[in-house]
Amino acid sequence: MSPTVATLPWCTLAAVSVTCAGCAVGPDYQAPETAMPAAFHDTDAAGDQASLVDAGKPVWVDWWTRFGDRVLDGLVDRAIATNHEVRIAAARVQQARAAERMAESRLYPTLGFSLGALTTRGSEKGFGVPFGIPGVNSDLFQVGFDAAYEIDLFGDVRRSIEAAGRLAEASEDGRRQIQVTLLGEVARNYIALRALQRRLQVARGNLDDQRRTADIVGRRFAGGLTTNFDVVRARAQVAATESGIPPLEAGIRLRIHALSVLLGEQPMALADELAAAAPIPPVPPEVPVGLPSELLRRRPDVRRAERLLAAATAEQGVATADFFPHLVLGGAVGVQSRHLDDLFNDSRYHSAGPVLEWTLFDGGRRAANLDRSKARVVEALAEYEATVLGALQDVEDALTSYAHDQDRRGRLRALVAESLEAVRIARSQFEQGIVALLDVIEVQRSLYAAEDNLAQADQAVSSDLVALYKALGGGWEAIEARAAPASEAEAQR
């Protein structure tokens, strides 16, 4: 049904405008109160291991630099500048800010200009206006200006601006979340690359030892001191170790591909740069994690969920305001004539006045829209609460893994030391004929497994630290701090 339109006296509408100008229907947003634990658990589970968790110090915002690896620092800097996901997120922020400005434009009147020169001829078999006088040619020249301004009586415009602003802020936090994820992915893939390179070195080193053992067995067999079975067994061990090398080489290539793409480059762009093996980035001796309550302001996904809740609340106000009248002040002025030479000769026209529009019946559309907006608020609140719980779980999981992987690494270090000594003794005694070849092969196999597991444990500990700082939401602050001086310099130009 079309809206009811009424024209009211100016004085009456002015009084209504003054009375209702500060009125904005719908709920005013209040941030939810979220109960957070006083401290994280598992902060002392590492015991006397190399890297201790400290809950009493602020979180590092540039956590990746604490590994002390310049190559990693350079990769992170390049990824921040060139990663496509970051560029996409930045474009989304610009779109959201533009939408906010579009909403703000409703605070101002719209002004228009028109210029027309029309020639018409009415059909001789027609009925005239609006299609022209039957059988008559006529001209019409017109120049005009028009203006319209909607008075925000019940807060429809203000709530729309509020919603758009909160969505823009949520978009900002979405971009920050992508930055945090990017930092984690670059560090994680780089650590995995260095771990694979180390495991490849371990495999090749053990392969050399096993080949030497096989050569000794071959010489002993030639001298009649051992059996052909020992020769076959030694060669089988060599073949088994050789079979584990291609997967490691493939894994190295895959990590290089991943890092290259994260930097916005072709998959093999970093092949030469990262070909040389380097140590796995070691964790620092102490890791500050701050307090759980800080997650609410640091984790971008938590911040984004809270802003979406604020936007949903404002959109409920927009839906509520749709039940109330809309008041538009408008007017038009111009000149109009059927003859161009008389266009500015006593041909002026004007119209001005307020128009009140109020939809009386719409089949339940507005009521359904309001119900939908209320349900969206409930949904957004539940999503926020779930995001907070997920953030707490992420941190606790990372702390647990960090502590226990350090414990496992310490035990593996002891195992590697014992295995090295066992191999030395076994090889010496084998050459003297004291122990059998099977004993040598077994201790060599144990050493290889222990060294390979230690490399993976070192990777796990360093990756756990990456996961911990990703869970804490750190990193985006440092990126914005770096970008701030450049933005200020650009603004001064």
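What follows is calculated from the coordinates using simple rules that are stated; it is not laboratory data. Note that this is a predicted model, so its numbers are computed, not measured. Heads up, the Cβs are rebuilt from the backbone with ideal geometry, glycines too, and the neighbour counts pull from every protein chain shown.
Tabulated data
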quantity: Cα→Cβ-extended label distance, 7 Å offset, between residue 34 and residue 145, nm; calculated: 5.2 nm
quantity: Average Cα contact separation per residue, the stretch 306-354, under 8 Å, 6 or more apart, as relative contact order %; calculated: 34 percent
quantity: Share antiparallel - DSSP beta bridges, the chain, percent rounded to 5; calculated: 90 percent
quantity: With at most 10 other Cβ atoms within 10 Å, longest stretch of the chain clear of loop GluC sites (Glu not before Pro) (DSSP); calculated: 125-493
quantity: Nearest-20 debye value, the stretch 344-410 charge dipole, Cβ charges on Lys, Arg, Asp, Glu; calculated: 400 debye
quantity: Bins of 10 Å, starting at 0 and running to the largest distance - Cα pair percent for the stretch 299-384; calculated: 15, 23, 18, 16, 13, 10, 4
quantity: Pairwise FRET efficiency - residue 365 versus residue 104, Cβ, R0 = 41 Å, nearest 0.05; calculated: 0.95
quantity: Structure-derived volume of the Cα convex hull per residue in Å³ - corresponding label in [x] 169; [y] 280; [z] 184; calculated: [y]
quantity: For the chain, calculated [θ]222 nm from helices alone, where every DSSP H run of n ≥ 4 adds -39500 (n - 2.57); calculated: -21000 deg cm²/dmol
quantity: Relative contact order (%) - the stretch 199-343, alpha-carbon pairs under 8 angstrom, separation at least six; calculated: 13 percent
quantity: Full-stretch length increase - residue 271, residue 87 - with 0.36 nm per residue and alpha-carbon distance subtracted; calculated: 63.8 nm
quantity: Scattering curve values for the stretch 153-249, log₁₀ I(q)/I(0), Debye with Cα scatterers, q = 0.10, 0.20, 0.23 Å⁻¹; calculated: -0.55, -0.96, -1.06
quantity: Pairwise centroid distance, computed over Cα atoms, of the stretch 462-479 with the stretch 217-288, Å; calculated: 29 Å
